[in-house]
1. Separation of segment 90-104 and segment 145-207 by C-alpha centroid, Å?
2. Order by neighbour count: Ser39, Ser281, fewest other Cβ atoms within 10 Å first, most last.
3. Whose amide H sits under 5 Å from the amide H of Ala47, counting only residues 5 or more places off or on another chain, with H placed in the peptide plane?
4. May I ask you to sort Glu161, Glu215 by Cβ crowding, counting other Cβ atoms within 10 Å and putting the fewest first?
5. Under the rule a/c < 1.5 gives rounded, and otherwise a/b versus b/c splits prolate from oblate, where does segment 70-158 land using the Cα gyration tensor?
6. Arrange the following residues from fewest to most other Cβ atoms within 10 Å of their Cβ: Thr138, Thr283, Thr77, Thr38.
7. As an exercise, identify the trypsin sites (Lys or Arg not before Pro) in segment 91-176 lying in DSSP coil whose Cβ has no more than 15 other Cβ atoms within 10 Å.
8. Residues with amide H under 5 Å of Ala73's amide H, sequence separation 5 or more or different chain, H placed in the peptide plane at 1.01 Å from N; which?
Amino acid sequence: MAARGGTRRSLTELVDAVGDKSPIDGDATNPVPAGPPTSAPLDELIANPRNPREDLGDLSELESIVKIQLQPALVVTRTAYLGLYPDDEPRLGAARWVVINGCRRLAAARHYGRPDLEFVVKDEVAASRVILLSAAITENVARQGFDVIEEARAIESMVAECGSAEIAARELDRSEGWVSQRRALLKLAPELQAALRRGDLAVRVARTLAKVPLEAQVEKWLASRDKPAGDSVGHKPKDRGPADPSQIAKALKKFGAEPDTLAEAITDYLDTDQLRKLVDSLTATLPPTPE
C-alpha cells in the first residue's frame, strides 16, 4: 500500500534541492512569484497551523535572533499550503508564507522584537500531507523538550495519514518499533499521561503500564511507587549481572537501520541512574543545536 500523496522523496533531498528544479522557482501548476524574498515582515508569516508541537518551550535561548538569525526558516507559500488544507484558510489570515521548520524562530522573533524573518521557500515540502507532516515531526523529534505526548499524537497522525504504521515508519526513517513504542503512550490513562508530561513517570515505565488494562493502570503505578527502587511496575527487579557484550554488539550492527534495537538492548542492562549518565555523556558529545 503506497502512502497517500504520491512518490516519496527524502526530507534532506527536499530541503537541499537547488538549481533549475528548485521548489523556490515553483512550477507551471503552482507558480511562485519570480525572485521570492529571502526575508519578510513577521505579519506576512504564520506558524504551521498543523505543527505537532503546541508548546514551543523556553525561547530565551533564541534571544540572540533579534541581532542575528543563524539559520533560515523553511516555509511554503500560502497557495501550496492551502492546496493541502483548504479549510485552514481562515487560520492563515493575511499571511503569504507558512513556516514549517522554524516555528520557534518565528515566535522568538516576535517575542524579542525582530521585525522580519529570513527563510527559504520549499513548496515541494507541501507536495503531500505526508511529506508536510513528516517534515514537521522530524524537526521536532530532533530537538530537546518536545513533549512526549505531543510526539505520540504526531506519530499517530502520521500513521493515520499514511494508512499504516509500516509506511509511517518508512516515511520518518524510523523503525516500526520506534513508531509502536510512541503510539503505545496514547493508551495510558489521562492521569498517567499527565505524570509522564511532568516528568514524574519514566517513558520506559509508561510503555510497560500501557500494556495494563486502562482501568488498572493508575492503581498499578501507585502500587509500584511503594516498591523497592528499580521495581518500576511492581515486579521484583531482575539480577541481570554484567551486560552481554555480544548482544549489544549485535544491536550496534543494526544501529543504522534500527537505532531502537540498540536502545532496547542497552535499557535491558542499565538501571535508571546509569541510563541518565549515558544520556548525559552522549549529549556532551553532540555539536551545539542550531537555533
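1. 26
2. Final ranking by Cβ density, sparse to dense: Ser281, Ser39.
3. Counting only residues 5 or more places away or on other chains, the set is Val99.
4. Ascending Cβ contact count within 10 Å gives the list Glu215, Glu161.
5. Verdict is oblate for segment 70-158.
6. Details: Thr138 17, Thr283 9, Thr77 22, Thr38 13.
Final ranking by Cβ density, sparse to dense: Thr283, Thr38, Thr138, Thr77.
7. Values: sites: Arg91, Arg96, Arg104, Arg105, Arg110, Lys122, Arg129, Arg143, Arg153, Arg170, Arg174; in loops: Arg96, Lys122, Arg143, Arg174.
Here the sparse-neighbourhood loop sites are Arg143.
8. So Ala73 has HN proximity to Glu118, Phe119, Val120.
Every number here is computed from the coordinates shown, using simple stated rules; none is lab data. Source: prediction; values computed, not measured. Glycine gets a Cβ as well: all are built from the backbone with ideal geometry, and neighbour counts include every protein chain shown.
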